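Here is the structure we will look at, set down as structure tokens.
The values are calculated or read from the model by the stated rules, or taken from the named source; none is laboratory data. Bear in mind the structure is a predicted one, so any value in this text is a computation, not a measurement. Neighbour counts run over all protein chains shown; Cβ positions are idealised from the backbone, glycine included.
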């Protein structure tokens, strides 16, 4: 696997091509090879624009390699080159790989802001390179099994990267999800809760947004609005810039979170406060507003609570923040106990979402998902998973097509596909009103009607009838 | 390949400097040492060779610059000359004294020899020249007002729905379009489906739209992409951007590229490129590779001169002829005895040294090819793709179509033997029905002529030709005729015969305008018999009555076919697919494949029942709709 990030606005003079490269993995590849990957990518980006000026190059499929493209920011491209002979022999899901690129970029922006802004801050490119290298290396380490990178493959076709997995017990709470939540959720699953939950396991979160005026998104499990937002002090921006410059932070570094003295999770990734022993609270950027927020995490048993506090609202940095944390605990700890108790009672553990006889993935509006537990998916035959993986590619294409042809009207694709694969398994895809359902039924009977009936039952019971015919 | 006016060779000396792809070229070069792009700018060497080719052309072509020779009396002499040219191709390449190119041009010039024994010789108006020089311009202008094929990508264009004239397919005129365009034109960039053939040195050979000579720079870019990936020890298959796909196919020294935003799957597009390549092999044989071995900068365009029309007709057929993706051929529905009679006389002829004998007819809609009967000499079998390419070659070339004329032309069947020429004797009995006799012997013209006379006599005597005419008028299976009660059909020997003769013309006119659709919302079906390599397609019925709707259905079938035959995991057994346009049902078994289209609101259970009935119906009438037993595949 190779992964590179390059900026088309840089290195346009002959002899300065190296300047384009912002990141390359593996870093020890000769420059000539790196440049050849980027040369091909750049060439095809230019070439495809002749015919498709609006939609950028997405993938180059060669016999032995796939190049997956993602234009992370305008003119800044991420390209992943997958060796098909080494990595899973069967076709990888290009869309799943693109989501990996998208995820690593979102996380980077969460902690460091956009790449472009960093490039503008320091035009030589040294700053961004020094940030990207450890960040992405840390990120990729999650895909390492032994010494091999295990990228998303057809085995993962009953999962959806980049979605928040909902707890059913959370239904009663108002749910509003946006990109930042997904990034935070990803981060929480990746790093904050490495032990409490296995990777990919379920968590529950919801975003509470107060009135637009106060612009305080608070991500917490505390439904009562009295706690956090009341304690916001609007004040000048207490910038921590000077501090940030001295050392590159590695927010994705493993095992660097622990419980601090105040009960909140703390990490030494961001260093410690001048002289004192307390660690610096990390600051994250919101995607849309690029507003800077303190990231405070609190854990009670398997419950993780994340608070985002606008940097601009805290008067005197860490001191002010610890006051906020203290108040949160004073006002809300009892509620947290109760919620945790409620959740752990209501949550059926790993297999909570298992529906007997079904292997499924349900995606709502590309943001929220629910799926059969991975252990259950593993019982499926390889052929079934390959067939579903292929079917998902087809559906993605149809979805893309619907988007392209109806750009003005957001028309959701209505689609129903039931395939009886060679091994006799039914592989099913349904899309309706922004919801998608994918299913493998290995033990269904031979008839299409039976399979359709099973979907209908599932739809009525678990999807409030969205996929039912009438 | 629009016009190979000899003087235009200098036009491509320097690629148009304002072409967009140029910077791209340099990008490739800047980051990696690329092969030199001599292919773009022709070197002096190449133009010298070209001149020699031209001279050679004139020298050997009996004065015909086009390389098409129409002969009356001296035809025999010429064709035996040709045999030499093919048999000892290499030797000839050498002794021509003008390099590999010259020799082959000579060969090609002669390979286009046509014997029009009965027709008056009119060198300027017949042969490929018609498709290329003179009528090239006129067909381009005609095309502008009529054909849908000139699709420029417009939002919603494809899904326009009910608008559009009924059956504009018949109005499609083959030939090169938009020769005035090149890659700098916006209209050219917006064409929905481009096809390119180029050599591995980047020389353009064919482009569906635009003038090849003006596309030299673009062609070099395609070559650069392919060789860049090749230099990395890999082979590029496709590139995707938005709804666009760029599909590559490398065949030795020949590169084929399709750029499309038609949403056809990659597998379909690459299969189409294979057919385009096959069509080229059919015209030239694979021995053209040797020319490239000798001279990598070899210019092939003169060899293919005038065959634009063949390629454009083939590409057009990718949008409506199911044979192109099913890899099967269709038969004209005929009473069993009639087909038997035709088969018997063809078999008779095959035993006398004819390799393949095919009696074909043109369907009333467009130029669809239907087989009346076909016979192969012992152990020889004809691949459906070869039949498609052969039929396309013959039907798209104006010169073959002169009724009662006979033509004798070298052709190669790429699936049968890509290295060698066969010789095709073609004769039209009437406007729609024609006979192809294939032989390995180049001097067999008079023998084949005799065979044809024998065949014709028998066909007339046994009323085969009139039955054929009646069947073309009647059309094939209609979904309306699928009765809900299956009993009515079992036992019925021939639907065609069920209908009173006198009513036929009215019936046709009526039903082709307002078919009502079949039971349970059945709109259309395709049935492919796996063992026979044959398929049958129902007549289009309401509401699939405009060309646009037919094309959309065709594309939906094509997608379904690819989905069912997914590489590595296929074939699947069944598929049910409902979207806003149709309910599609597909059923693949070791014996047959059924593709059926229903109203999108059709009931699942009823649709399944109806599919079963269709299969039963097809089995009941298979004697009439398929060519059984007598097929060469039974050996």
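What helices (runs of 4 or more DSSP H) completely inside region A:360-470 contain at least 2 residues that are touching a helix residue (DSSP H, G or I) at 6+ places or on another chain (Cβ under 9 Å) and more than 11 Å from chain B (Cβ to nearest Cβ)?
A:374-377, A:382-405
Might you let me know whether region B:562-576 holds any residue that is outside any loop (DSSP other than H, G, I, E, B), away from chain A (no Cβ under 11 Å), surrounded by fewer than 23 Cβ atoms within 10 Å (Cβ to Cβ) and under 29 Å from the mean Cα position of the chain (by Cα)?
No - not one qualifying residue is present in region B:562-576.
Does at least one position in region A:55-71 carry a residue that is within 14 Å of chain B (Cβ to nearest Cβ), free of Cβ contacts under 8 Å to residues at least 60 places away in the same chain, part of a helix (DSSP H, G or I) and within 27 Å of the chain's Cα centre (by Cα)?
no
Regarding residue A:79, is this residue closer than 26 Å to residue B:238 by Cα and either within 14 Å of chain B (Cβ to nearest Cβ) or part of a helix (DSSP H, G or I) (or both)?
yes
Which ones in region A:1-51 are surrounded by 23 or more Cβ atoms within 10 Å (Cβ to Cβ) and free of Cβ contacts under 8 Å to residues at least 12 places away in the same chain?
A:43, A:47, A:48, A:51
Take the conditions under 25 Å from the mean Cα position of the chain (by Cα) and either surrounded by fewer than 24 Cβ atoms within 10 Å (Cβ to Cβ) or part of a helix (DSSP H, G or I) (or both) and apply them to residue B:198. Does it pass?
For residue B:198, the condition - under 25 Å from the mean Cα position of the chain (by Cα) and either surrounded by fewer than 24 Cβ atoms within 10 Å (Cβ to Cβ) or part of a helix (DSSP H, G or I) (or both) - is not met.
Specify which of the listed residues (B:251, B:203) is away from chain A (no Cβ under 14 Å), free of Cβ contacts under 8 Å to residues at least 40 places away in the same chain and closer than 27 Å to residue B:397 by Cα.
After applying the criteria, what remains is B:251.
Look at residue B:270 and say whether it is free of Cβ contacts under 8 Å to residues at least 60 places away in the same chain and buried (at least 24 other Cβ atoms within 10 Å of the Cβ).
So residue B:270 does not fit the description; no.
Could you run through region B:407-421 and say how many residues are touching a strand residue (DSSP E or B) at 6+ places or on another chain (Cβ under 8 Å) and surrounded by fewer than 22 Cβ atoms within 10 Å (Cβ to Cβ)?
Summing the residues that are touching a strand residue (DSSP E or B) at 6+ places or on another chain (Cβ under 8 Å) and surrounded by fewer than 22 Cβ atoms within 10 Å (Cβ to Cβ) in region B:407-421 gives 1.
Would you check if there is a residue in region B:326-334 being in a helix (DSSP H, G or I) and over 12 Å from the mean Cα position of the chain (by Cα)?
Scanning region B:326-334, I find at least one residue that is in a helix (DSSP H, G or I) and over 12 Å from the mean Cα position of the chain (by Cα), so the answer is yes.
Looking at the structure I just gave you, is residue B:281 more than 11 Å from chain A (Cβ to nearest Cβ), under 24 Å from residue B:393 (Cα atoms) and at pLDDT below 95?
In short, no.
Are any of the residues in region B:167-188 within 9 Å of chain A (Cβ to nearest Cβ), outside any strand (DSSP E or B), at pLDDT below 90 and surrounded by fewer than 15 Cβ atoms within 10 Å (Cβ to Cβ)?
No, every residue in region B:167-188 fails to be within 9 Å of chain A (Cβ to nearest Cβ), outside any strand (DSSP E or B), at pLDDT below 90 and surrounded by fewer than 15 Cβ atoms within 10 Å (Cβ to Cβ).
One residue is enough: does region B:231-239 have a residue meeting the conditions surrounded by fewer than 24 Cβ atoms within 10 Å (Cβ to Cβ), at the interface with chain A (Cβ under 9 Å from one of its Cβ atoms), touching a residue at least 60 places away in the same chain (Cβ under 8 Å) and in contact with a helix residue (DSSP H, G or I) (Cβ under 9 Å, 6 or more places away or on another chain)?
yes
Could you check, for region B:290-303, whether at least one of its residues is within 14 Å of chain A (Cβ to nearest Cβ), farther than 22 Å from residue B:417 by Cβ, more than 12 Å from the chain's Cα centre (by Cα) and in contact (Cβ under 8 Å) with a residue 24 or more places away in the chain?
No; the residues of region B:290-303 include none that is within 14 Å of chain A (Cβ to nearest Cβ), farther than 22 Å from residue B:417 by Cβ, more than 12 Å from the chain's Cα centre (by Cα) and in contact (Cβ under 8 Å) with a residue 24 or more places away in the chain.
Can you find a residue that is under 21 Å from residue B:263 (Cα atoms), in contact with a strand residue (DSSP E or B) (Cβ under 6 Å, 6 or more places away or on another chain) and within 12 Å of another protein chain (Cβ to nearest Cβ) anywhere in region A:26-44?
yes
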